[in-house]
Amino acid sequence: MSGLSTLKARLKAGIAHAQSLNPDPPARSEDEEFQEIYCRMKGISLNSPGPAAPAVPVFFHSVPSEDDALRLKLREEARAEFLQRRSKSLLDNEELKGLWTLLDANATPTPKELPGPVSMATGSGVVESEQMIGYEAFQKVAKLAGPKCQPFFSPVVFAKLLHQDPHGRISVMAFFNYVMRKVWLHQTRIGLSLYDVTGQGFLREQDLENYIAELIPTLPQLDGLEKSFHNFYTCTAVRKFFFFLDPLRTGRIRIQDILACSFLDELLELRDQDLAKDVQESNCELLKYGTGTLTPVFIERVFQECLTYEGEMDYKTYLDFVLALENRKEPQSLQYFFRILDVRHAGFITAFNLNFFFRDILQEMEKHNQELVQFEDVKDEIFDMVRPKDPFKITHQDLVQCGNGDTVISILIDLNGFWTYENREVLVTDTPDESSAEV
């Protein structure tokens with residue numbers, strides 16, 4: 001017992017000695033707490049008398065998880081505030097009208113020594129008057145136009161629009177169109193960003209559908225479109241975007257790519273698609289597509305590789321099918337067809353794959369009493385056209401780089417495409433040559 005008492009006494013003495021050496025620090029004020037946290041964030045040392053070495057700033061912030069409601073709300077409000085500020089910095093219609101008035105009033109007149117106003121010849125040979133503006137007048141308008149217009153009145157912009165004018169002037173209309181195009185791009189960028197849920201510069205399929213669905217009522221060209229067809233129109237537009245801008249099927253596309261492509265300009269032209277088409281297509285119905293010369297084995301492979309519901313193809317999958325067939329030269333279409341041809345999912349196609357599809361071409365030729373060809377000859381011609389790195393395998397990259405990928409596809413899946421290729425010399429001979437026509 002005496003030993004235990006001695007141990008307790010020594011332990012208490014040790015604790016007392018430690019406390020005497022390290023007394024509790026005095027309570028700090030809120031200002032001191034804030035200064036410490038602030039300096040830690042900025043990479044500044046509180047103890048060093050001089051400035052500390054610059055710290056690497058934080059350049060990546062992970063997206064808050066769905067459980068973190070507070071950070072998600074903060075991120076959403078911050079993005080909304082930022083986009084609102086950006087929107088207010090753009091020129092509105094009244095400001096654009098005011099800019100046009102200034103440009104029109106300060107246009108540089110034609111020098112007296114020239115025999116008349118400066119003119120621009122159109123493609124039809126008709127000569128039209130064109131207002132021009134010199135750099136001094138350009139700078140004058142910049143001062144009068146206001147702060148929102150300043151980014152457009154730079155020397156770089158003026159130099160880009162300068163085209164063969166002997167007096168160093170640019171077209172007023174060309175400059176105004178440039179300003180309107182820039183404003184439209186920024187407005188569209190902000191409009192698309194409002195549907196970017198994560199704020200990372202991407203749109204998912206649902207996001208783009210929401211954007212186009214809300215865009216339709218603002219398009220006067222679609223006033224006559226029945227509301228029952230709005231979903232079909234939206235689906236058609238979205239599939240075109242994703243087919244060409246998301247060939248790897250990641251399920252999202254960059255807003256920057258949407259702005260860079262011409263699809264937004266062509267959005268109103270999508271009415272040529274058959275919007276009243278049935279939502280689903282069966283195997284037999286798809287055989288009748290186009291001229292009705294697609295082979296049964298190709299259609300069967302389409303249904304195997306693409307998403308279907310109880311043997312029927314939904315409208316989105318059908319649109320992918322149509323876009324691929326109507327744009328066979330595009331790399332995205334070649335990737336679509338390569339998945340169909342690669343029956344073994346090996347990442348390449350061989351003579352086996354070519355024979356697998358070409359057998360149906362031979363059967364169709366026999367039905368139409370056409371002279372049959374040897375598969376070996378067709379196989380050699382295809383490999384000669386593609387010129388693959390491996391003489392026994394054709395990869396997707398080989399198909400794209402050879403420049404004849406669309407021809408190879410047509411030979412293997414479409415009787416009419418094969419007939420056109422087989423008779424290409426006859427068709428060229430039958431085409432009238434205007435240079436050799438008698439006068």
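The values are calculated or read from the model by the stated rules, or taken from the named source; none is laboratory data. None of the values given here were measured: they were computed from a predicted structure. For neighbour counting, all protein chains shown are included, and Cβ atoms are generated from backbone atoms with ideal geometry for every residue, glycine included. Side chains are part of the model used for accessible areas, which takes the heavy atoms of the whole protein and leaves out ligands, DNA and RNA. Shrake-Rupley method; radii C 1.70, N 1.55, O 1.52, S 1.80 Å.
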Using r as the Cβ-Cβ distance of Phe352 and Ser65, and R0 as 56 Å, what FRET efficiency do you calculate, to the nearest 0.05?
0.70
For the pair Glu95 and Ala78, the simple spin-label estimate (label points 7 Å beyond Cα toward Cβ) gives in nm 2.6
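Just reorder Arg189, Arg344, Arg71, Arg328 by solvent-accessible area, largest first, 1.4 Å probe, all chains present. Kindly include the intermediate steps, with their values, before the conclusion.
Working: Arg189 90, Arg344 155, Arg71 110, Arg328 50 Å².
The ordering from most to least exposed comes out as Arg344, Arg71, Arg189, Arg328.
In what order, largest first, do Lys182, Lys379, Lys143 sit by accessible area if the probe radius is 1.4 Å?
These residues rank, largest area first, as Lys143, Lys182, Lys379.
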Could you pull out the pairs from Lys227/Lys316; Lys148/Lys182; Lys182/Lys329; Lys97/Lys140; Lys240/Lys389; Lys182/Lys316 whose alpha carbons sit more than 21 Å apart here?
Lys182/Lys329; Lys240/Lys389; Lys182/Lys316
Sorting check: for 315-322, 298-305, 94-101, which peptide has the highest mean count of neighbouring beta carbons within 10 Å, and how do the rest follow?
315-322, 298-305, 94-101
Relative contact order, percent, of region 126-265 when contacts are C-alpha pairs under 8 Å separated by at least 6 residues?
20
Once the piece of chain linking Thr218 and Val343 is laid out straight, how much longer is it, given 0.36 nm per residue of separation minus the C-alpha distance between them?
40.5 nm
How are the alpha carbon pair distances in region 149-261 distributed across 10 Å bins from zero to the largest one, expressed in percent?
12, 32, 26, 20, 9, 1
FRET E, pair Arg10, Glu36, Förster distance 45 Å, beta-carbon r, rounded to 0.05
0.75
Here the gain from full extension of Asp314 to His167, 0.36 nm per residue of separation minus their alpha-carbon distance, amounts to 46.8 nm
Once the Cβ-Cβ distance between Asp377 and Gln187 is put in as r, and R0 is 60 Å, what FRET efficiency do you end up with, to the nearest 0.05?
0.55
